[in-house]
Amino acid sequence: MTRTQGNNQALKDGRVAPEGFRLDFREVPVLVHAFRRMVRELEFDVCEMAFTTYLCAKAHGKPFTALPIFLVRGFHHGAVVQSTTAGLRTPTDLEGRSVGVNRGYTVTTGVWARGILQDEYGVDLDRVTWVLSGDEHVAEYQPPANVVPMPAGASLAAMLGTGEVAAAIGVEATDVVPLIPDADEAAYAALRDRGLYPINHLVVVKDELLQAHPGLATALFDAFAAAKRQYVEDLRADAIEAPTATDLMYRRVMDITGEDPLPYGIEPNREMIELLISHAVRQRILDRPPAVADLFPASTHDLIA
């Protein structure tokens, strides 16, 4: 199960296929529902998944393992919004206040956004009460004491409008603005200045299949990589008709870095992997940092695309 997007389009439409294996794609209209079904029911053999969901699932012994295929990247400076009447002057004004979080505390966008608040703006995350609109994909996970559920029947958008929460992460509402001014430019500045280029999604495979088919991990990696290369070539050639906001974002990353905006493999992404693990530990999603190598099959450790 993977959402159709530029970098896997050739895989989904059959122009690319994994050698020795056949993929039968399932479509799940709401992608996060697929994450939950994989974590809780192991419904799919191969599944796209949010990175922090995977880290949390792995820590709780879920029997699947990720491949270093990083399907989705993104920037999260604009994920934290406040009401136009809230009057927050700086991110540190969140301390001592409540901040909404769309869905669960372990949602990857929230983890990256809180990391930005902490690392770039000095926010003490422990002095914020995080108010969740939903529960966690990994049901066994227990959040820290300063994470609470939203009142029954409430909505974060409404709470944002009334000031019950000072700000919110990942919430769409009217009359809101990003807490961080010029959020898009702040994100690209972070990319230029310190290489901050968050990873959002990767691909996981059931352990029983990886064990039964030793060549599966590399075959999948090679196929996803071949599809991605076609997409990147189209980006470079400006050959995408009606480019989406995501396409334009990847093109701007290419302009800034001069490199492939979707590198696959551990080594090209090690810094971001380790940073996300660090955020997850500091935010008490993980008790201890896993070794990066333990997150991926040994057969994929040296693969780069």
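Side notes on the structure shown:
- When 171, 253 are compared by accessible area of protein heavy atoms, the largest-first order is 171, 253, using a 1.4 Å probe.
- For the range 190-272, the relative contact order is 32 percent, taking Cα pairs closer than 8 Å that sit 6 or more residues apart in sequence and dividing their mean separation by the residue count.
- Helix 108-121 axis, angle to the chain major axis (alpha carbon atoms, nearest 10°): 60
- Accessible carbon and sulfur surface of the range 50-172 relative to its total accessible area, %, 1.4 Å: 49
- Near residue 242, once Lys and Arg are set to +1 and Asp and Glu to -1 for all other residues with Cβ below 14 Å from its Cβ, the sum equals -3.
- Value of [θ]222 nm, deg cm²/dmol, for the chain, DSSP H segments ≥ 4, -39500 (n - 2.57) each, nearest 500: -11000 deg cm²/dmol
- DSSP-assigned coil residues among trypsin sites (Lys or Arg not before Pro) in the range 201-255, each with at most 15 further Cβ atoms within 10 Å: none
- Label-point separation in nm, residue 26 to residue 41, each point 7 Å along Cα→Cβ: 0.7
- Computed over the range 64-193: relative contact order in percent, which uses C-alpha pairs under 8 Å that are six or more apart: 39
- Global size of the range 25-85: 14.4, 47 Å for Rg and Dmax (C-alpha atoms, Rg to one decimal, Dmax whole).
- Computed from the C-beta positions of residue 121 and residue 237, the FRET efficiency with R₀ = 30 Å rounds to 0.20.
- Taking every C-alpha pair closer than 8 Å and separated by at least 6 residues, the mean separation divided by the residue count of the chain gives a relative contact order of 29 percent.
- Given (1) 49, 47, 44; (2) 51, 45, 35; (3) 57, 43, 33, the label whose value is Cα extents along the principal axes in Å derived from this model: (3)
The values are calculated or read from the model by the stated rules, or taken from the named source; none is laboratory data. The structure displayed is predicted, hence computed values, not measured ones. With ideal geometry, Cβ positions are generated from the backbone for all residues, glycine too; neighbour counts draw on all protein chains shown. Remember, those area values only see protein heavy atoms, side chains included, never the ligands or the DNA or RNA. Shrake-Rupley method; radii C 1.70, N 1.55, O 1.52, S 1.80 Å.
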